[in-house]
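J.: Attaching a single structure in C-alpha cells format; questions to follow.
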Amino acid sequence: MYHSGCLTVPKNINIYAHHFKEFCTVQFTMTTSNRVRWVFDCGNWFPSENDWSKASRSIQLEEKERIGRFVFKRDAKRSIIGQLMIRKFLSEAIQLPWSQIKTKRDLNNKPIIEGFNFNFNVSHDGNFVVFAGEENISIGIDIMKNCYKGGKSLKEFFRLMHRNFHLNEWAYINKGTDMNKTSLFYRFWCLKESYVKATGTGLTIDLKQICFVPKNELKKDIILGDTELFVRGKLMSDWSFHEYLYDDYTITVCIKGSITPVNFKLITFQDLISNAEMITEEDENYCKLYFNKEEHP
Ligand code: COA
Ligand code: MG
C-alpha cells in the first residue's frame, strides 16, 4: 500500500485517466518535492502560544496583519497554515532559504511568486486546508465538505445557486437522490472553483458558461481524471481535473495539461515549521489577540 496520510490508496491505484475511455491502472510515481499535494487537519490543531508566535513570525508582514483581522480562530488557523504551506513548498522547490521567499498577490488576490516557474494554490473548508504545488503548470485547488451548512433551507440555497450552473450540470445534479444531490452540487462547485482558481479569475466570471461533464461517479480511494470541461460549448481538452473523495470532503485539483495524479499527504505543524525562519519581530500583543478569539461562530 502507498500510504499518503489523508488518502490511503494502493500504489497502483485504479483511476480513470484523462485520455482513456476505459477504466485503467496508472503507475504512480513517488511524490517529488516539486509535485506536492498536502492536507492539514486544523480540527486537531490547537496551537500553543509558542506555536502561534512561531507561525505568525514565519510569514510575510502583510499576511500576518491580514490574518490578525479574522474574528474567529478557525479562519486565522486555516489561513496561516495555507501561508506556511506556500512558503515550505517554495523554499524547498526553489531551494532558497525561507526568509528569501517573497510572494505577492495578483490583481484578483491570488498568491503568486514572480521570477520563478512554480505554481501553487491553497483551499480551505471545514477542518481541512489543502495545497497543490507544481513546476511549469498552472494549478488550482478547491475543497468542499459535502454537507450543506448555510442558514437558508437547502431548497432556497439550491434555488439561488442554480444560476451558477449550466443547464446540463443542473440536470445532472438533480438526477441524484436528495442525499447525493448535495454531494453532486459540491462536486460541480469544486470543479468550477478549481478552474477559476487555476486561471486566477476567481468567481468574477460567469460560471454558467463553464460546463463540466463527468464520466464517472466519484468514489473513495479512486482519483478520477476524466471529467471534461466545456467553455461556451467548446471542449477545453488542455485542462485536466483530478477529483478526490476523502471522508465527506471533495477535493479537486485543476491542471493545465495532462499529468499523473499525486496522492495527498497529511502534513503536521512540525513538518510545516521545521525549516521556517522568523522573518518578523516578536509581537506579544498579536498572540494575545489570537488567544482572546472564539474558536468559530
Ligand atoms: N485565484 C486563485 N486563488 C486565490 C485567489 C484567486 N483569485 N484569491 C485567493 N486565492 C487563494 C488564497 O490562497 C486563498 O487563501 P487565503 O484567503 O487564506 O489567502 C485561497 O485561495 C482561498 O481558497 P478557498 O478556500 O477555496 O476560498 P473560497 O472558496 O472562499 O473562494 C475564490 C476563493 C478565490 C474563488 C474567491 O474568493 C473569489 O473568487 N474571490 C474573487 C476574487 C475577486 O473578486 N477579486 C477582486 C479583486 S479584490
Ligand atoms: Mg473554495
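J.: For the chain, what does the relative contact order come out to in percent, with C-alpha contacts under 8 Å and a separation of six or more?
T.: Here the relative contact order equals 27 percent.
J.: I would also like to ask the following. What lysines could a cross-link reach from Lys219, if we take a straight Cα to Cα line under 16 Å and drop same-chain neighbours fewer than 8 places away?
T.: Result set, ordered by chain and number: Lys145, Lys181.
J.: Provide the per-residue ³J(HN,Hα) series for segment 265-276, in order, calculated from phi with Karplus coefficients 6.51, -1.76, 1.60 and θ = phi - 60°, each as a whole number of Hz, with x at glycine and proline positions.
T.: With coefficients 6.51, -1.76 and 1.60, one gets 10, 6, 10, 9, 4, 4, 4, 5, 9, 4, 9, 6 Hz.
J.: I've got another one for you. If each DSSP helix of 4+ residues adds -39,500 (n - 2.57) and the sum is divided by the residues in the chain, what number results at 222 nm, nearest 500 deg cm²/dmol?
T.: Counting only the DSSP helices, I get -9500 deg cm²/dmol.
J.: Taking H as built 1.01 Å from N, whose amide H comes closer than 5 Å to the amide H of Tyr246, not counting residues under 5 places away?
T.: Ile251
J.: Under the rule a/c < 1.5 gives rounded, and otherwise a/b versus b/c splits prolate from oblate, where does the chain land using the Cα gyration tensor?
T.: Cα axes put the chain in the prolate bin.
J.: Take the residue pairs Lys175/Lys220; Lys110/Lys208; Lys197/Lys256 and return only those whose Cα atoms are more than 18 Å apart.
T.: Lys175/Lys220; Lys110/Lys208
J.: Can you give me the long-range amide H partners of Ile137? Hydrogens built in the peptide plane at 1.01 Å from N, cutoff under 5 Å, separation of 5 or more residues or another chain.
T.: For Ile137, the qualifying residues are Asn119.
J.: Among Phe212, Ile80, Asn174, whose Cα sits farthest toward the positive end of the charge dipole of the chain (+1 at Cβ of Lys/Arg, -1 at Cβ of Asp/Glu, about the Cα centre)?
T.: Farthest towards the positive end: Asn174.
J.: Check which residues have an amide H placed less than 5 Å from Leu266's amide H, if you skip close sequence neighbours.
T.: For Leu266, the qualifying residues are Gly5, Cys6, Leu7, Val39.
We did not get these values from a lab; they are worked out from the coordinates using the rules stated. Here the structure is a predicted model, which is why all the values come from computation and not from measurement. Backbone-built Cβ (ideal geometry, glycine too); neighbour counts: all protein chains shown.
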